[in-house]
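Please read the structure below before turning to the comments.
The values are calculated or read from the model by the stated rules, or taken from the named source; none is laboratory data. If you're wondering where the values come from, they're calculated on a predicted model, not measured in any experiment. Please note: Cβ atoms are built from the backbone with ideal geometry, for glycine as well, and neighbour counts cover all protein chains shown. Note: accessible area is taken over every heavy atom of the protein model, side chains too, but ligands, DNA and RNA are not part of it. Shrake-Rupley method; radii C 1.70, N 1.55, O 1.52, S 1.80 Å.
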Amino acid sequence: METAPKPGRGVPPKKDSPQARRKKPRRYWEEETTPAAAGAAPGPPGKRARTREPRPQRSQGVHGAPKSRFCKKPRTPRSAPDRKKPPRTLSGAQDPFPGPAPAPVEGARKFRRIDKSKTLPHSKPKTRSKLETAEAQEEEASVRAARAELLLAEEPGFLDGDGEDTAKILQTDIVEAVDIASAAKHFDLNLRQFGPYRLNYSRTGRHLALGGRRGHVAALDWVTKKLMCEINVMEAVRDIHFLHSEALFAVAQNRWLYIYDNQGIELHCIRRCDRVTRLEFLPFHFLLATASETGFLTYLDVSVGKIVSALNARAGRLSVMAQNPYNAVIHLGHSNGTVSLWSPAVKEPLAKILCHRGGLRAVAVDPTGMYMATSGLDHQLKIFDLRGTFQPLSARTLPQGAGHLAFSQRGLLVAGMGDVVNIWAGQGKASPPSLEQPYLTHRLSGHVHGLQFCPFEDVLGVGHSGGVTSMLVPGSAEPNFDGLENNPYRSRKQRQEWEVKALLEKVPAELICLDPRALAEVDVVTLEQQKKERIERLGYDPDAKAAFQPKAKQKGRGSTASLVKRKKKVMDQEHRDKVRQSLEQQQQQKQETAKPSGARPSALDRFVRARDSIRDDP
């Protein structure tokens, strides 16, 4: 007996009813309904039946070889396009030049700071892996720097005389030939009532500090001619120098050393630095080096306000001083014709160079740290090589002798002789200047008392008895600057952030030495000496290799005979290694003592061969 179905159960609703028009909510276990599956029954999904395709019948061999679980078919290597396809762009086209851009070999060699000719030492695997990682990072950094060199759009300037001697070109001719912005960089300040003047540019090349012998001190933005401060200290000023930024500058007055800010307010008076004649600032160490009449070289740490070291040069009055920008070594010129090189970590000079027959008048070191220029009372101007030889490369006799010397960022050398300024140029940035023919010559209204090239600007600042003169010297400065290190256009906030970063990266004064690359190497002599002293103090060698102790084995293999056998095997292997090393050393000694193949035979060689044959016989 069939019963009528209840309404709502199994009976499809009518098409026009609101129940049919309403969309049924989908549960989380239900899948998206398609027109094909619209009539499926509601409820949780059951197991779907899998439709398996029939397996192809394998052809049995003649002998019916059994199955093997290893695949006998050799694997075919994938082709290069299958392994890695070149990436596609947003438009869908393939990159015709995949991978990183190739870097020029010469450019990478210029930025490389490691010597790849030296082989890595035979050290422990962990240490060797660290050295290899550091070397790979240095290589990658040099390649990136060479690749980014294309972004340096500025090029150094030059002076073309069209066959005419460039030394005869006047400053007025240069000012008329350049653009208005460059012509505004040439000016004269008539300050005869307070002269003679010493001057100093900030590291960014934007600000200029002036110090007159009669007490006049001023600081200004020389590009916009905006005066920051101007005071009269009512005392003789012997030298002036900016510190790590243009916000602070040091003034060597008649009695003590003073620190002022850019508003002209006196911040500090360092009485331990008295009767100072010359100032030099080491920017990466935050050290202010002072040379005094008493013969002392003093290093002042301006970040903490303490005297790092005070060295007695024992050479009388110190009035000639320069720093090497490459290794931060101070060069002092003395009255006996020698130049001494100093570091705050050593009480004695690192080196002494006999340069002239008379006293020294001026010393300057180029930015690469490879060449040093000196002038003496014998009217000689000499260029020395500082790469370990300390030998003179060139010399020139000047009519009056140079009282002041300075190098530019691109290796130009300027000498002040009375009221005349001569500039010599070389073949490039890393080449010594040629002293045969001057590059530029200029006559001033007074005797020269201070010289310095402006960083990142083709400008030479000259302080003389009549005031200050700004000269145009094409090709003297580096055209591109590092915006994260020396940014001439930085704001006050950027300068403050740079100061914090520079203080965190401050280099200790103990690391100043002649060769900065030696800091990354191992001092083998000192290490061996310390190891020997430690052995004598303890009575035994704590780093000695322990005797071999075989591990006990299970299941009857750890018998006494087996242990002795393994010990003897290790001892024999160590003995063979020692014998092999001794034989290799003897072979090397024989090769060193042997005569070269190109030498002519001698009649006495037969006695040597006879002696060797007698030694070889048992």
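Among residues other than LEU227 whose Cβ falls under 15 Å from its Cβ, what is the net charge (Lys/Arg +1, Asp/Glu -1)? Surrounding charge for LEU227 is -1.
Using a probe of 1.4 Å, the accessible surface attributed to SER559 totals some 50 Å² when neighbouring protein chains are kept in position. Take the Cα of LYS226, step 7 Å toward its Cβ, do the same at GLU164, and the gap between the two points is 3.8 nm.
Residue-wise HN-Hα couplings along the range 315-327, as the Karplus relation 6.51 cos²θ - 1.76 cosθ + 1.60 with θ = phi - 60° gives them from phi, are 9, x, 5, 10, 10, 10, 8, 8, 10, 8, x, 6, 10 Hz; Gly and Pro carry x. Spin-label model, THR526/GLU140: points 7 Å from Cα along the beta carbon direction are separated by 3.1 nm.
Ligands, DNA and RNA are left out, and with a 1.4 angstrom probe the accessible area of the range 334-415 is 40 Å² per residue.
Heavy-atom surface analysis with a 1.4 Å probe gives the range 447-499 a carbon and sulfur content of 46 percent of its accessible area.
Cross-link partners of LYS225 among aspartates and glutamates, defined as those whose alpha carbon lies under 19 angstrom from its own and excluding same-chain residues fewer than eight positions apart: ASP179, ASP188, GLU246, ASP261, GLU457, ASP458. Protection proxy ranking for 526-539, 228-241, using the average of other Cβ atoms within 10 Å per residue and placing the highest first: 228-241, 526-539. Descending by average beta-carbon neighbour count within 10 Å, the peptides 174-185, 433-444, 211-222 line up as 211-222, 433-444, 174-185, the highest first. Each of the peptides 147-158, 456-467, 318-329 was scored by the mean count of other Cβ atoms within 10 Å over its residues; in descending order, highest first, they stand as 456-467, 318-329, 147-158. Computing FRET efficiency as 1/(1 + (r/R0)^6) for VAL346 and ALA395, where r is the C-beta to C-beta distance and R0 is 30 Å, gives about 0.50. Couplings 3J(HN,Hα) for the range 481-495, derived from phi with the Karplus relation 6.51 cos²θ - 1.76 cosθ + 1.60 (θ = phi - 60°), are 10, 8, x, 8, 10, 10, 9, x, 10, 6, 8, 5, 5, 5, 5 Hz, where x marks Gly and Pro. Amide H contacts of LEU248: LEU243, each under 5 Å away and 5 or more positions distant or on a separate chain (H built 1.01 Å from N in the peptide plane; Pro and chain starts excluded). Between the amide H of VAL223 and any residue lying 5 or more places away or on another chain, no distance stays under 5 Å, with hydrogens modeled in the peptide plane.
Distant-in-sequence amide contacts of ASN200, defined by a placed amide H-H separation under 5 Å and a gap of 5 or more residues or a different chain, comprise ALA209.
Using the Cβ atoms and a cut-off under 12 Å, what net charge is assigned to the surroundings of VAL237, where Lys and Arg are +1 and Asp and Glu are -1? With Lys, Arg at +1 and Asp, Glu at -1, the net is +3.
Converting phi to 3J(HN,Hα) with the Karplus coefficients 6.51, -1.76 and 1.60 and the offset θ = phi - 60°, the range 372-381 yields 10, 10, 9, 9, x, 6, 7, 6, 9, 10 Hz in sequence order, with x at every glycine or proline.
Local charge for TYR371 was computed over the other residues whose Cβ lies under 12 Å away, with Lys and Arg +1 and Asp and Glu -1, and equals +1. Mean sequence separation of contacting Cα pairs (under 8 Å, at least six apart), scaled by the length of the range 419-475, corresponds to a relative contact order of 26 percent.
The distance between label points at VAL420 and ARG576 comes to 8.1 nm (points 7 Å beyond Cα on the Cα→Cβ vector).
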